[in-house]
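Step one of this worksheet: look at the structure below.
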Amino acid sequence: MVVRAADDTAAPDRAELILRARARLALDKRRGARDLRTFCRVYQPKYRDAPHLSHLDDALDASLERLRQRGRVGIIVLEAPPRHFKTSRIMAHMARLLRHVAGASVAYCTYAGDIAKRRSRNVRDLAARAGVWVGELQTTAQRFDPSKSVSFWQTDSGGQFVAGGRHGQFV
């Protein structure tokens, strides 16, 4: 069914709008491999843009590009006040890294092990939404239980994620 607008031009029908939306989503997913803000918009439902972190986004985008080209990442030093989206941005970058770099190894280190485990769950869920398979590679003789694979988990492409605090995993 075609609906006519006031100026007698044809407005797009529902099927065409759905097709356009799917095409836009596919383009955004492809662009998210190179642009952290786009990755966040696509895979984080409650994403809010943080223009004050644009320098961080650019540094993380550049580090991912360096990793693809040279096989190594430089050091990024970040200083910003509390509650300014630093952690959510870093977690999104880690999920993107696991999604787009086969065999990537990522470590999340913080002062408290319980915080690291909570963040690990967040990264794992975000990575799963982004298409990283984190299923039965963590199985042993028992059935897969996501709550048991928090400190260390793997992806189907050989990537791995380890999380811990100063008195545990890394000592």
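The values are calculated or read from the model by the stated rules, or taken from the named source; none is laboratory data. Everything numeric here is computed off the predicted structure, so don't read it as measured data. Heads up, the Cβs are rebuilt from the backbone with ideal geometry, glycines too, and the neighbour counts pull from every protein chain shown. Heads up: the accessible areas ignore ligands, DNA and RNA and are worked out on the full protein's heavy atoms, side chains in. Shrake-Rupley method; radii C 1.70, N 1.55, O 1.52, S 1.80 Å.
In the range 68-97, how many residues are open to solvent by 40 Å² or more (accessible area, probe 1.4 Å) and aliphatic (A, V, I, L, M)?
Adding up the residues that qualify gives 6.
If I go through the range 41-55 residue by residue, how many of them are modelled with pLDDT under 90, of a type in the set (A, V, I, L, M, F, W, C) and assigned to a helix (DSSP H, G or I)?
Total satisfying the criteria: 1.
Yes/no per residue for (1) closer than 28 Å to residue 149 by Cα; (2) without any contact (Cβ under 8 Å) to a residue 60 or more places away in the chain:
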residue: 24; (1), (2): no, yes
residue: 32; (1), (2): yes, no
residue: 86; (1), (2): yes, yes
residue: 93; (1), (2): yes, yes
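Is it true that some residue in the range 2-22 is among the charged types (D, E, K, R), in contact (Cβ under 8 Å) with a residue 60 or more places away in the chain and not in a strand (DSSP E or B)? Explain how you work it out, then say what you get.
Of all residues in the range 2-22, those among the charged types (D, E, K, R) come to 4, 7-8, 13-14, 16, 20, 22.
Filter once more, so that each one left must be in contact (Cβ under 8 Å) with a residue 60 or more places away in the chain: none.
Looking for residues that are among the charged types (D, E, K, R), in contact (Cβ under 8 Å) with a residue 60 or more places away in the chain and not in a strand (DSSP E or B), one finds none in the range 2-22, hence no.
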